[in-house]
Amino acid sequence: MTDFDEQWKKVMGEEYLGEQKDKFDFSQKRVEEFKKLTGINDNGLDGKICLDAGCGPGRWTYAMQQLGAKKVDSFDVSSEAIKRCREINPDANEGSIFDLKPNPVYDFVLS
């Protein structure tokens, strides 16, 4: 577990990363919240390549997938959060934005 994970547990409580599934569930509720926050409509990401930088447990990765994203690159510095994100995106990576490959091209970036 990283220092980052420990800090979040102190701030949010022990259950933050693993057990509070309601806050970080993969559901239509999250998709609707994402649409409201971003202004993106149904199928608004059709065929797009997206980046979820600092994806946490993956709630917005899930929303982008549901809105038609062709691919979502997800990463976070938290190993615990990435474990959860991999439930919906097996290619999610533990790391920081500084670990990105040179010259990546994305249609939509969320951080």
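Observations on the model:
- When residues of segment 27-46 are limited to those that are closer than 15 Å to residue 72 by Cα and of a type in the set (A, V, I, L, M, F, W, C), the one modelled with the highest pLDDT: 45
- Of all residues in segment 57-111, those satisfying the criterion of being assigned to a helix (DSSP H, G or I) and of a type in the set (D, E, K, R) are 59, 80, 83, 84, 99.
A quick yes/no check of all residues on (1) basic (Lys, Arg); (2) farther than 16 Å from residue 75 by Cα; (3) at pLDDT below 95:
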position	(1), (2), (3)
1	no, no, yes
11	no, yes, yes
19	no, yes, yes
48	yes, yes, no
59	yes, no, yes
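- Counted residues, segment 54-92 - those being more than 24 Å from residue 42 (Cβ to Cβ), β-branched (Val, Ile, Thr) and more than 9 Å from the chain's Cα centre (by Cα): 1
- Residues of segment 29-59 that turn out to be of a type in the set (D, E, K, R) and surrounded by 20 or more Cβ atoms within 10 Å (Cβ to Cβ), as a count: 2
The values are calculated or read from the model by the stated rules, or taken from the named source; none is laboratory data. Since we're looking at a predicted model, the values are computed, not measured. Glycine gets a Cβ as well: all are built from the backbone with ideal geometry, and neighbour counts include every protein chain shown.
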